[in-house]
Amino acid sequence: MKRHMRLTAVAAGLAGLSLLATACAGTGDAGAAPSGDATASAPATAEGRVAVSYPGGIAVLDADTLEVVDEFDSEEFTRLNAFGDGRTIAVTTSTGFQMLDTAEPALTDLVFDATTPGHVVIHHGKTVLFDDGTGTTTILDTDAFDGGYDTLPEGTTYTSDAAHHGVSIVLEDGTLVTTVGDDTGRTGAVALHPHDDHWDEAASSAECPGIHGEGTAEGEAVIFGCENGALLFDDGAFTKLTAPDTYGRMGNAFVSETSPIVVGDYKNDPDAEGYLLDAVALIDTAAKTYEVVALPDEVRYTFRDIARGPGDLAYILSTDGQIHVLAPETGDITDTYPVIGAWEGPAEWQDAHPAIKVNGDIAYVTEPAANSVHAVDLTTGEVLASVELDHTPNELAVAIG
């Protein structure tokens, strides 16, 4: 099957952000005075910036001290994703993917148009944006902004047969692996090889109902979550891995590119209220096995609360306020670090609740109840720095080279 491809120079001038149904957007104020009271108990080793969204704005923090470098007006709810270049953050707004330069810092006028901006995936020098509203994948060089933010860079696009909440990744050899779905549901994925003006279908699978999320493990093994297990793509072929429960949903994959084992969030009750989860899926992409591990009673988390870090371990920020260290090979909890106060699960997934992002040995943790952000050394559990913001933190992204 041939599917058309095109090169685009996506340009958009942003005079002001458009209105959301629930709030009026403002304009970025590069001259806003820094705020927040930061304290540090020990020197950190990170270089770069951390971005935190809050209702109506975004704060840029120093990665070492967590001092607020600058703040920018934005929409009532925005999502933040690292672009992968150690500097840029993709801010999802009602108009598309807006570029935040954390080094200047500046909320730029550069926007990749999208009717419903969704997932951002970084892999092997490519950053891939997915527009749920049109099913369009935009493939960009991760270093596209090395020359500055004067214009939007040129990229390659692929549009799915139908719009859906999807995700795409480009592998080292140029293969595009992307989800398949429409307005009635999501069913699987397809692998496409690029040619001059089209894509050739190389492999496909329709065995992944409710496909969601993506991760790349060791050896470019790509994993997607399904409502009854997971879908693996490696060596040019798809393999379905089945969950032990009839309904066994994995919606997010937490991976390390130096480990074959994927840690996935796991839910086995489609009627369960709330967003707290009490088990994880462990997928060995080399052995092609799928196992579910129940967590101790005190460990409960949401999709924002797992990250991979030092030693390829998994770090779970639990409702007891502690980071629980999980060994993916066994599913055992090997250590526990107290960080924040105990918290309850959100009423809606968009509601502010604790989140964790890891860069190197350092985890950045939000504590919405205290309007705070913390930096934690994952090798010792020591809280290296904390800042109290003037706003309640929600989304979190790290831009560190």
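The values are calculated or read from the model by the stated rules, or taken from the named source; none is laboratory data. This structure is a prediction, so every number in the text was calculated from the model and none was measured. Ideal geometry is used to build each Cβ from the backbone, glycine not excepted, and the neighbour counts take in all protein chains shown.
For the range 117-142, a residue qualifies if it is crowded, with 16+ Cβ neighbours inside 10 Å and either assigned to a loop (DSSP other than H, G, I, E, B) or modelled with pLDDT under 95 (or both), and the qualifying residues are D132, T134, G135, T142.
Taking the numbered list (1) buried (at least 19 other Cβ atoms within 10 Å of the Cβ); (2) touching a Ser or Thr at 6+ places or on another chain (Cβ under 8 Å); (3) not in a strand (DSSP E or B) in turn, L152 passes all entries but (2). Residues of the range 392-401 that are in a strand (DSSP E or B) and among the charged types (D, E, K, R): none at all. Considering L378, L384, the condition of being within 28 Å of I122 (Cβ to Cβ), buried (at least 20 other Cβ atoms within 10 Å of the Cβ) and in contact with a helix residue (DSSP H, G or I) (Cβ under 6 Å, 6 or more places away or on another chain) is satisfied by L378 alone. Which numbered condition trips up D297, out of (1) surrounded by fewer than 17 Cβ atoms within 10 Å (Cβ to Cβ); (2) farther than 22 Å from G341 by Cβ? All conditions pass for D297, except number (2).
Against the numbered list (1) surrounded by fewer than 23 Cβ atoms within 10 Å (Cβ to Cβ); (2) under 20 Å from T127 (Cα atoms); (3) not hydrophobic (A, V, I, L, M, F, W, C), T92 comes up short only at (1). The condition of being closer than 20 Å to H374 by Cα and either surrounded by 22 or more Cβ atoms within 10 Å (Cβ to Cβ) or modelled with pLDDT under 95 (or both) holds for only one of I340, I261, I283, that being I340.
Residues being assigned to a strand (DSSP E or B) and over 11 Å from V177 (Cα atoms): count how many of those fall in the range 238-248.
Of all residues in the range 238-248, those assigned to a strand (DSSP E or B) come to 238-242, 248.
Remaining after also requiring over 11 Å from V177 (Cα atoms): 239-242, 248.
Residues flagged as assigned to a strand (DSSP E or B) and over 11 Å from V177 (Cα atoms) within the range 238-248 amount to 5.
Among the residues of the range 387-401, write down those that are farther than 16 Å from E67 by Cα and either surrounded by 20 or more Cβ atoms within 10 Å (Cβ to Cβ) or free of Cβ contacts under 8 Å to residues at least 40 places away in the same chain (or both). Before you say what the answer is, go through the steps one by one.
Taking the range 387-401 as the starting set, the residues that turn out to be farther than 16 Å from E67 by Cα are 394-395, 401.
Selection gives N394, E395.
Got a sec? Which of T319, T336 is within 27 Å of T258 (Cα to Cα) and polar (S, T, N, Q)? Lay out the reasoning, then the answer.
Values: T319 fails: within 27 Å of T258 (Cα to Cα).
Of the residues listed, the single one that is within 27 Å of T258 (Cα to Cα) and polar (S, T, N, Q) is T336.
Residues in the range 260-269 that are in contact (Cβ under 8 Å) with a residue 40 or more places away in the chain and more than 18 Å from the chain's Cα centre (by Cα): P260, I261.
Within the range 277-303, residues that are farther than 12 Å from G331 by Cβ sit with their Cβ atoms under 9 Å from residues that are modelled with pLDDT of 95 or more and of a type in the set (K, R), at 6+ positions apart or across chains, in these pairs: L277/K267; L277/R300; D278/R300. Anything in the range 53-89 that is surrounded by fewer than 24 Cβ atoms within 10 Å (Cβ to Cβ), in a strand (DSSP E or B) and among the charged types (D, E, K, R)? List them, or say none. D62, D70, D73, R79, listed by residue number. G236 passes every criterion in (1) within 16 Å of D132 (Cβ to Cβ); (2) surrounded by fewer than 20 Cβ atoms within 10 Å (Cβ to Cβ); (3) of a type in the set (G, A, S) apart from (1).
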